[in-house]
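Encoded as structure tokens, the structure appears first; notes follow it.
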């Protein structure tokens with residue numbers, strides 16, 4: 001099994017990463033003018049060294 005990577009190590013040169021994170025904030029992404037228009041889920045995640053990143057899931 002491959003070791004977990006840190007957020008700071010992520011680059012666009014690879015599209016396969018194994019990261020272990022904690023979700024510290026989570027919200028629904030909706031169109032502000034049309035509340036029924038759901039875009040997906042957005043979150044802020046934190047890795048073992050305290051690095052954070054914003055994530056969008058559609």
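I'm spelling it out carefully: the read-out is mean projected area of the Cα convex hull in nm², the candidates are (1) 5.0; (2) 4.7; (3) 5.4, and one was derived from this structure. Which label? Only one option fits the structure, namely (1). For the chain, a Gaussian network of Cα nodes joined below 10 Å ranks 28, 47, 15 by mean-square fluctuation, and the top entry is 15.
Laboratory data are not the source of any read-out in this text; all were calculated from the coordinates shown. All figures in this text were calculated on a predicted structure; none of them were measured in a lab.
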